[in-house]
Amino acid sequence: MRRALLTLGLATLVAGGTVVAFGPLRAADRPPAPAPSFGLNTVVDAAQRKTRTAPQDPAAWAQLGTAYVEEARFTADPALYGKADGAFATSLRLQPEGNLAALVGKGALALAKHEFAQARDHALAARAIDGTHVPLYGVLSDAYLNLGDYKQAESALQRMLDLGPNVASFLRAAHFFELTGRPSRADEAMSLAMDAAVMPTDVALTWFRRGELAWHRGLLKDAAEAYAQTLAIVPGFAPGLAARARVSAAQGDTSAAVKDYTASIARYPNPSVIVELGELHRRLGDEAAATRQFSLAASVLKLSGDRLGLGTYEAAHGDAARGVRLLRQEFEARDSVEVADALAWALHKAGRSKEALGFAAKAARLGTRDALFAYHRAEIQDALGHAAAARRERDAARAANPYIPAQNPHR
């Protein structure tokens, strides 16, 4: 039987009913989700108690490490990475061979730290132990996706859906479909994720991802409603605050945007969010505040070792030639559409638009309907004197999301 991506995974759940795709992401498709109590601290506390009562149990230590990684997803506290690493190390010391849970946990931790090749290797080691373990395929798919190996990412995702059609697999499917320019399939997968979400962490993350889909399509009201649901469950969720700030800025409520950006950065100094706040200050005419934010972002990036982030920053706000060098190194390590677009923009900013065009084409190879990608292609085509191509790309950017290029014209 011919099997397209997700056919079997979706059919498993759809057989007993009808999937209602939410299309334009109307939150009114179903009543707003209640705000259940958020229980990450309880999960971590329980795992800590288990290691105290059974200090020689490798499974208990792996469970603790996994709980730390999960908490870090919502708190963005970098100290939790060290705690998780220590817990996994203890688990592997107690059980050096066949320790599936610790290997999958280390893979998830590597993903959180943007160590994608290591994440892939940990997941492959776990697969050698048990090829039916569903969580390892989430790590493997995410790793391949970030490394730019989209065929392998699709294969791992299909295997995950075949083995365990659940919230985690449906959210990944929604992202993959959106990345590959298939919004109706993304909607279908997101609808299934929302129906499957029960635990507070799953509910919060699903609303957040739904908001991301809406934002990237320029559906501000739907995005705002989804982010409100997320923040009702996790009030201090830094990515949720930054996302709500983007929507507020697009809606013209700049004071609310500044407030949410500031609160997000106070919880976790994400360099890209700091740059966004700087760009907002610049649009508001406060160049001194913008300069402070850009300087802070540069400092954080230099400490982080994030080549993609630092190269993108240099291209927009610093030394474009250095940005090109950093991003070329990153592209050699992982040929993803995100890195290709960043390198194309850096080359354009460095006055090398002809060379940039080739990397812009690489960024478009999946059919991603990304407004910023299209805007970058338009600027590159314009610099090369290709007026008709530039108009087509600007039209594509406006169709995808007219707010993204307007808010971040330099990124």
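Comparison of Pro165, Pro200, Pro135 shows that the only residue that is in contact with a Pro (Cβ under 8 Å, 6 or more places away or on another chain) and not aliphatic (A, V, I, L, M) is Pro200. Only one entry in Ala126, Ala156, Ala143 is part of a helix (DSSP H, G or I), free of Cβ contacts under 8 Å to residues at least 40 places away in the same chain and more than 25 Å from Ala363 (Cβ to Cβ), namely Ala126. Surrounded by fewer than 21 Cβ atoms within 10 Å (Cβ to Cβ), over 22 Å from the mean Cα position of the chain (by Cα), farther than 28 Å from Ala174 by Cα and at pLDDT 95 or above: does that describe Arg328? Answer is no for this residue. Of all the criteria given as (1) crowded, with 21+ Cβ neighbours inside 10 Å; (2) closer than 19 Å to Ala243 by Cα, the one not satisfied by Leu308 is (2).
Taking region 70-88 as the range and being in a helix (DSSP H, G or I), open to solvent by less than 40 Å² (accessible area, probe 1.4 Å) and modelled with pLDDT under 95 as the test, the residues that pass are Glu71, Ala72, Phe74, Leu80.
Yes/no per residue for (1) assigned to a helix (DSSP H, G or I); (2) at negative phi; (3) acidic (Asp, Glu):
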{"residue": "Glu188", "(1), (2), (3)": "yes, yes, yes"}
{"residue": "Met194", "(1), (2), (3)": "yes, yes, no"}
{"residue": "Val198", "(1), (2), (3)": "no, yes, no"}
{"residue": "Leu205", "(1), (2), (3)": "yes, yes, no"}
{"residue": "Gly211", "(1), (2), (3)": "yes, yes, no"}
{"residue": "Gly218", "(1), (2), (3)": "no, no, no"}
{"residue": "Lys221", "(1), (2), (3)": "yes, yes, no"}
{"residue": "Ala224", "(1), (2), (3)": "yes, yes, no"}
{"residue": "Gln229", "(1), (2), (3)": "yes, yes, no"}
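Quick grid of which residues meet (1) open to solvent by less than 30 Å² (accessible area, probe 1.4 Å); (2) more than 21 Å from Ile404 (Cα to Cα):
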{"residue": "Leu343", "(1), (2)": "yes, no"}
{"residue": "Gly351", "(1), (2)": "no, yes"}
{"residue": "Lys354", "(1), (2)": "no, yes"}
{"residue": "Gly358", "(1), (2)": "no, yes"}
{"residue": "Arg365", "(1), (2)": "no, no"}
{"residue": "Thr368", "(1), (2)": "yes, no"}
{"residue": "Glu379", "(1), (2)": "no, no"}
{"residue": "Ala388", "(1), (2)": "no, yes"}
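Okay, residues lined up against (1) open to solvent by less than 40 Å² (accessible area, probe 1.4 Å); (2) within 20 Å of the chain's Cα centre (by Cα):
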{"residue": "Thr90", "(1), (2)": "yes, no"}
{"residue": "Arg93", "(1), (2)": "no, no"}
{"residue": "Ala101", "(1), (2)": "no, no"}
{"residue": "Gly107", "(1), (2)": "yes, yes"}
{"residue": "Lys113", "(1), (2)": "no, yes"}
{"residue": "Ala123", "(1), (2)": "yes, yes"}
{"residue": "Ala126", "(1), (2)": "yes, no"}
{"residue": "His133", "(1), (2)": "no, no"}
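Listed by first and then second residue, the pairs linking a residue in region 76-97 that is on the phi > 0 side of the Ramachandran plot to a residue that is open to solvent by less than 50 Å² (accessible area, probe 1.4 Å), with Cβ atoms under 6 Å apart and 6 or more places separating them unless they lie on different chains, are Ala76/Ala238. For Ser248, the stated conditions hold: it is buried (at least 21 other Cβ atoms within 10 Å of the Cβ), touching a residue at least 12 places away in the same chain (Cβ under 8 Å) and out of contact with any strand residue (DSSP E or B) (no Cβ under 7 Å at 6 or more places or on another chain).
Ala298 meets the conditions (1) open to solvent by 40 Å² or more (accessible area, probe 1.4 Å); (2) part of a helix (DSSP H, G or I) in every case but one. The failed one is (1).
The rows are residues; the columns are (1) of a type in the set (A, V, I, L, M); (2) within 15 Å of Arg377 (Cα to Cα); (3) at pLDDT 95 or above.
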| site | (1), (2), (3) |
| --- | --- |
| Leu296 | yes, no, yes |
| Leu301 | yes, no, no |
| Ala316 | yes, no, no |
| Ala344 | yes, yes, yes |
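The C-beta contact set for region 260-281 (first residue over 17 Å from Val247 (Cβ atoms), second residue among the aromatic types (Phe, Trp, Tyr), distance under 9 angstrom, 6+ apart or interchain) comprises Arg267/Phe237; Pro271/Tyr313; Ile274/Tyr261; Ile274/Phe294; Val275/Phe294; Val275/Tyr313; Gly278/Phe294. The set of residues in region 53-69 being without any contact (Cβ under 8 Å) to a residue 12 or more places away in the chain and assigned to a helix (DSSP H, G or I) consists of Thr53 alone.
Residue count for region 208-233, restricted to those that are open to solvent by less than 10 Å² (accessible area, probe 1.4 Å), more than 19 Å from Leu372 (Cβ to Cβ) and in contact (Cβ under 8 Å) with a residue 24 or more places away in the chain: 4.
Taken together, the criteria place Pro405 among residues that are modelled with pLDDT under 95, closer than 26 Å to Ser248 by Cβ and surrounded by 20 or more Cβ atoms within 10 Å (Cβ to Cβ). Evaluate region 371-381: report whether one residue or more is touching a residue at least 60 places away in the same chain (Cβ under 8 Å), in a helix (DSSP H, G or I), within 19 Å of the chain's Cα centre (by Cα) and within 26 Å of Phe176 (Cβ to Cβ). Checked against the condition, which is being touching a residue at least 60 places away in the same chain (Cβ under 8 Å), in a helix (DSSP H, G or I), within 19 Å of the chain's Cα centre (by Cα) and within 26 Å of Phe176 (Cβ to Cβ), region 371-381 yields at least one hit. Filtering region 332-341 to residues that are open to solvent by less than 10 Å² (accessible area, probe 1.4 Å) and of a type outside the set (Val, Ile, Thr) leaves Ser336, Ala340.
The values are calculated or read from the model by the stated rules, or taken from the named source; none is laboratory data. Note that this is a predicted model, so its numbers are computed, not measured. Every residue, glycine as well, gets a Cβ built from its backbone with ideal geometry; the counts of neighbours run over all protein chains shown. Heavy atoms of the whole protein, side chains included, go into the accessibility calculation; ligands, DNA and RNA do not. Shrake-Rupley method; radii C 1.70, N 1.55, O 1.52, S 1.80 Å.
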